[in-house]
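The values are calculated or read from the model by the stated rules, or taken from the named source; none is laboratory data. These numbers were taken from a predicted model, which means no experiment stands behind them. When we count neighbours, we look across all protein chains shown, and the Cβ atoms used for this are built from the backbone with ideal geometry, even at glycine. We work out accessible area using only protein heavy atoms, side chains counted, and drop any ligands, DNA or RNA first. Shrake-Rupley method; radii C 1.70, N 1.55, O 1.52, S 1.80 Å.
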Amino acid sequence: MTRSEILNWLQEDDSHRLRELAVAADRVRREHVGDEVYLRGLIEISNYCRCNCLYCGIRASRRIERYRLSEDEIIGCCRQAAELGYGTVVLQSGEDLGLTAGFISRVISRIRDEYGLAVTLSLGERTPAELAVWRRFGADRYLLKHETADARLFHEVHPGSSPEQRIRLLQRARELGYEIGSGVMVGIPGQTYESLADDIMLFQELDLDMIGSGPFIPHPDTPLGQVDCLAGEAPNSDLMTAKVIALSRMVCPEANIPATTALATVNPEAGRELGLCWGANVWMPDLTPERYRRLYDIYPGKADAVSIHQSHERLLASITAIGRRIGSGAGNRHRRHTDGV
Ligand code: 5AD
């Protein structure tokens, strides 16, 4: 797909034409990654963060109760993931240097030894040396969203880093043997359609293994909590997010693409199904212990605020209702074998 085709789709609002995009993305999804929906148990291991992103509810300057899970608490969540038949756990946190390299290494080796689950890390910008150690201890994948490829906008909303810095770290992670994932927030105030087209071109250029995108959700206790999106900017809607998911599938046919929690938050009735029918093939149920979950307050109304067993029942019903099935095993990137030649 060319940049101008991508841009046209992002700006398309005819529902019949958009149906064509959804159908095309759904076909590419089926051909390349099949009907399996892979479950990744999300464990929010710490809400400490050194960053001060203007959109985020766990930003450093916000006075909130902070927590860090113990090794045994994390392992307890992994036991639940294994019991529910999930193949992967995702350890996610703010940029918390209190999570030492040694601590994370011990947790990874216990998860590998005791449950044999695949381990995805989503701990923000850590050093290449730390990523190398964690890889040696058995981590499989690294997620680091670049949020927006527009350097000026990135700098405004996420002081202290840049998209290039994040992309460099992702490339380093790939050299270390990780599967790598990025993604964007859709509808950040100030985000243009052009910059979203650049984001999707970047997914293609990086040949990402995982792409997680969700709508921007204003958090009232943050500087971006009251800012509205202007005419000519990309809206933070479920439909706009579905378009980004579909285009991500078109440019990275083999990628693992989640229907994210943020998408389910803006559309609680059908957000996950929308994502899964527009190209997504992954669902990330929240396994964070209930008493900590409300403290991982990156945006308000986070979906999955129900018990783990309730949300498991709900996801089984949804996946079956749209004619799909739960994937078993780690659900690594599906690489097509090129025969002969
Ligand atoms: N709205 C939507 N997504 C957000 N994130 C953080 N704050 C918000 C918000 N207000 C997302 C970012 C981050 C992920 C953990 O949560 O994409 O990478």
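See the values below:
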| item | result |
| --- | --- |
| Index of the failed condition, residue 281 passing every other in (1) over 28 Å from residue 69 (Cα atoms); (2) open to solvent by 10 Å² or more (accessible area, probe 1.4 Å) | (2) |
| Given (1) in contact with a strand residue (DSSP E or B) (Cβ under 8 Å, 6 or more places away or on another chain); (2) under 23 Å from residue 194 (Cβ atoms); (3) away from the ligand (no atom under 13 Å from the Cβ), number of the condition residue 256 does not satisfy | (2) |
| Tally of residues being open to solvent by 10 Å² or more (accessible area, probe 1.4 Å) and closer than 17 Å to residue 41 by Cα across the stretch 110-123 | 6 |
| Residue within the stretch 47-68 that is assigned to a helix (DSSP H, G or I) and among the charged types (D, E, K, R) present | no |
| Qualifying residue in the stretch 230-240 (condition: farther than 19 Å from residue 3 by Cβ, open to solvent by less than 30 Å² (accessible area, probe 1.4 Å) and assigned to a loop (DSSP other than H, G, I, E, B)) | no |
| Which numbered condition residue 119 misses (of (1) under 23 Å from residue 3 (Cβ atoms); (2) assigned to a strand (DSSP E or B); (3) without any contact (Cβ under 8 Å) to a residue 60 or more places away in the chain) | (1) |
| Filter result (near the ligand (Cβ under 8 Å from one of its atoms) and touching a Lys or Arg at 6+ places or on another chain (Cβ under 7 Å)) within the stretch 213-239 | 222 |
| Of the criteria (1) open to solvent by 30 Å² or more (accessible area, probe 1.4 Å); (2) farther than 22 Å from residue 257 by Cβ; (3) basic (Lys, Arg), which one residue 126 fails | (1) |
| Residue tally, condition within 16 Å of the ligand (Cβ to nearest atom), among the hydroxyl-bearing types (Ser, Thr, Tyr) and either at pLDDT below 95 or open to solvent by 40 Å² or more (accessible area, probe 1.4 Å) (or both), over the stretch 13-67 | 2 |
| Matching residues in the stretch 150-169 - criterion: being crowded, with 16+ Cβ neighbours inside 10 Å and either in contact with a His (Cβ under 8 Å, 6 or more places away or on another chain) or part of a loop (DSSP other than H, G, I, E, B) (or both) | 150, 154, 158, 161, 163, 166, 167 |
| Candidate set from the stretch 83-97 (those that are in contact (Cβ under 8 Å) with a residue 12 or more places away in the chain and open to solvent by 40 Å² or more (accessible area, probe 1.4 Å)); member that is nearest to residue 49 (Cα to Cα) | 97 |
